[in-house]
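Each remark here refers to the structure printed beneath this line.
Readers should treat all values here as calculations from the given coordinates under stated rules, not as data from a laboratory. These figures come from a predicted structure and were not determined experimentally. Methodologically, a virtual Cβ is constructed for each residue, glycine included, from the backbone with ideal geometry; neighbour enumeration extends over all protein chains shown.
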Amino acid sequence: MKLASLLLILLVAGCAPAIRPGPPVLNRVDLPGYLAKSNPAAKPTGEALPEKWWREFHDPNLDRLVDLALSGNPGLEEAGARLKLAQASVMRTASLNSLHADSVNRITRQRLSRNGNNDIYNGKTATIANVDPLVVRYHLDFWNRDDALIAASRTEESMMEAQYRQGALMLSSSVIRTYFALSVARQMASLQESIVGLLGEEEALGNAAYRSGVQPASPALAISEKLLAEKSALAALQQKTEALHFALLELLGKEPADELEATAKMEVPVRFRIPEKIGLDLVSQRPDIQAALWKIRRETHLEKAAQAAYYPNLNLQALAGFNSIGLAKLLGPGGATYAFGPALNLPLFEGGALEGGLHESEAAYDMAVHAYNRTLLAAARQIADALSSLKHARERLEDRTASLKLQASRQKIAEADFRSGIAGRLPYLEAEIRMNREEMMHMEESLNWLNSITDTATALGGGFGRWPS
């Protein structure tokens, strides 16, 4: 009999199918060398991207806003709650390898059957007490299924932690970009107000010239038409400024009615420091890549758990307590009872449940690998795009800076001609308007340069690979 039982166990244990090989995992990242090494807008260094890289802008207000968002944004707090949920799941799953002790106590009033095995109590109503102050259970994890489930739970915690960091990375990027956009929008609105004021002066000059008969009505009407268009552009800029103001408040976890300090004039760096070597070691510090890797490991453990489900399940159980019909003799010498022994569960026929579970875990592993490969390729493309944008944004900003200097020279000449009486006020006003427009275009290119820096830092992981340390 013992031999037959052993053979049956071995037979069932040998029925577990092998886990099929999954798709290959990408293990390299290649970028064009000129994007980092020969990029005039980048300054390669041997150091990794600092955790708070935005401090290079030397703007205390920006530093304060990012810190405020990281401590009060509801979306990030939700991600933190998911991390706490995963940590609690680890605590619960870790108990699978522990010995479990319970106390099971029950007292019932029961009508006993006439056909029962309780002798003189057959056919009578009695009080039945089962008091087991100690019930001990322990699962013998011969096939390491519990270990696989525990490992899967721990890797899920690491995955949630990486997702939390990814949320912090994207939040900081959004705050920085919105802050820059709001600062530039406010300055552009101020310049646009100046343009409207200058055109108002031109309109007044044109109307005066028309009334005095110096010129016909058409030039004054053209100026009035331009003034209406510029007022409309000013209204659009003011609306954009308010929208960016509300958007920044939302990122900070504040309401639209809350106050927000005015943005300061930031320091625009000439070059942006980036790590000298950009390969798989660096890219894998991105939180989204870490999360994708942890998901692969989680699905690997779940595959092993699904395979181990084919094997016999053995539990040990023991109890000690008291059992009695009637309460008078419950705690007496004759009321003591105990039990111990193993319990063996043999999965013989599950209607395809075990096979389906294994195939599900295999498909989940394949999906995790494909998701990681897709994320890694997207990360490489984002880094390449960001470095390319960094290069060309710097070139456009330098061209616009040169154009701004030329326009400033023209404006000074026009002002000198006006002050000396060589030219009238109208050419001077036009030069002022062109100068304001040139400054607005320069601000747009500066914003594009700042956004390129932000995109590059975000693509490189933003220093959030191990945040918070």
Exposure proxy check on Ile433, Ile176, Ile296: fewest-to-most Cβ neighbours within 10 Å is Ile296, Ile433, Ile176
Reviewing (i) 1.64; (ii) 0.91; (iii) 1.36, the figure for Cα Rg over 2.2 N^0.38 Å actually calculated from this model sits under (i)
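Taking the Cβ of Ser232 as the center, what net charge do the other residues with Cβ under 12 Å away carry, scoring Lys and Arg +1 and Asp and Glu -1? Provide the component values of the computation, followed by the final result.
Values: positive: Lys226, Lys231; negative: Glu225, Glu230.
Result for the local shell: 0.
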In the structure shown, of Lys43/Lys412; Lys124/Lys329; Lys226/Lys254; Lys84/Lys295, the pairs separated by more than 28 angstrom at the C-alpha atoms are Lys43/Lys412; Lys226/Lys254
Expected unfolding gain across Glu250-Tyr34 under the 0.36 nm per residue rule, minus the alpha-carbon gap, is 73.9 nm
At the level of C-alpha centres, the distance separating region 143-164 and region 323-359, in angstrom, is 30 Å
Quick calc, region 25-136, dipole around Cα centre from Cβ unit charges on Lys, Arg (+) and Asp, Glu (-), nearest 20 debye, gives 780 debye
Rounded to one decimal in nm, the spacing of the 7 Å Cα→Cβ label points at Ser403 and Leu344 is 8.5 nm
If each part is reduced to its alpha-carbon centroid, region 220-287 and region 415-430 end up apart, in Å, by 35 Å
Quick note on Phe349, Phe180, ordering by fewest other C-beta atoms within 10 Å, gives Phe349, Phe180
Charge dipole of the chain built from unit charges on the beta carbon (Lys, Arg +1; Asp, Glu -1), centred at mean Cα; most positive-end Cα among Ile383, Ala318, Val184 is Ala318
Cβ density ranking, 10 Å radius, fewest first, applied to Ile278, Ile150 yields Ile150, Ile278
Counting Lys and Arg as +1 and Asp and Glu as -1 over every other residue whose Cβ sits under 12 Å from the Cβ of Gly22, the net charge comes to -3
Nearest 10, in degrees from 0 to 90: the angle of helix 425-459 to the longest Cα principal axis of the chain is 20 degrees
Those GluC sites (Glu not before Pro) from region 258-338 that are DSSP loop and have at most 12 other Cβ neighbours within 10 Å turn out to be Glu259, Glu261, Glu267
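When only DSSP loop residues count, what trypsin sites (Lys or Arg not before Pro) in region 79-117 have their Cβ near at most 12 other Cβ atoms within 10 Å?
Arg114
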Rounded to the nearest 10 degrees, the helix 145-211 long axis (Cα) sits at an angle to the longest Cα principal axis of the chain of 20 degrees
Burial-style ranking of 453-465, 130-142, average other-beta-carbon count within 10 Å with highest first, yields 453-465, 130-142
